[in-house]
1. Quick test of your reading of the structure: residue 74 fulfils all but one of (1) in contact (Cβ under 8 Å) with a residue 60 or more places away in the chain; (2) open to solvent by less than 50 Å² (accessible area, probe 1.4 Å). Name the failing condition by number.
2. Considering (1) open to solvent by 40 Å² or more (accessible area, probe 1.4 Å); (2) assigned to a helix (DSSP H, G or I); (3) under 30 Å from residue 1 (Cβ atoms); (4) not aromatic (Phe, Trp, Tyr), say which one residue 55 fails and leave the rest.
3. Evaluate the following for residue 43: is it within 30 Å of residue 3 (Cα to Cα) and open to solvent by 40 Å² or more (accessible area, probe 1.4 Å)?
4. Restricted to segment 18-34, and to residues that are more than 15 Å from residue 51 (Cβ to Cβ) and open to solvent by 80 Å² or more (accessible area, probe 1.4 Å), which residue is modelled with the lowest pLDDT?
5. Going by what's in this entry, would residue 62 be described as at pLDDT 95 or above, surrounded by 14 or more Cβ atoms within 10 Å (Cβ to Cβ) and under 12 Å from the mean Cα position of the chain (by Cα)?
Amino acid sequence: MNKFKVSSFGCALGITWSLYVIFLGITSIFGWGMSFVDAISSLYVGYSASIVGIIIGGIWAFVDGYIGGVIFAWVYNKLAK
């Protein structure tokens, strides 16, 4: 039976989510997606439409995505027995 490598899945999800949040931050500098940036900034302290805010948001997003990915892979592996 195939199972997820928990840490690898967490890293993959963390990288994917952080790249999305960084991309969203870059586009919000030009005025696109500000509502979504405002919503995410209520969860990720320091995230904003600035260079420093984008870096902070990317770090938060990686940690958040990693933890979510690890939990998802762990639960999947437990249920796939």
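The values are calculated or read from the model by the stated rules, or taken from the named source; none is laboratory data. What you see is a predicted model; the values in this text were computed from it and never measured. Here Cβ is always computed from backbone atoms with ideal geometry, including for glycine, and neighbour counts include all displayed protein chains. Side chains included, ligands, DNA and RNA excluded: accessible areas come from the protein's heavy atoms. Shrake-Rupley method; radii C 1.70, N 1.55, O 1.52, S 1.80 Å.
1. Condition (2) is where residue 74 drops out.
2. (3)
3. Values: within 30 Å of residue 3 (Cα to Cα): no; open to solvent by 40 Å² or more (accessible area, probe 1.4 Å): yes.
It is false that residue 43 is within 30 Å of residue 3 (Cα to Cα) and open to solvent by 40 Å² or more (accessible area, probe 1.4 Å).
4. So, considering only residues that are more than 15 Å from residue 51 (Cβ to Cβ) and open to solvent by 80 Å² or more (accessible area, probe 1.4 Å), the one modelled with the lowest pLDDT is 32.
5. Yes.
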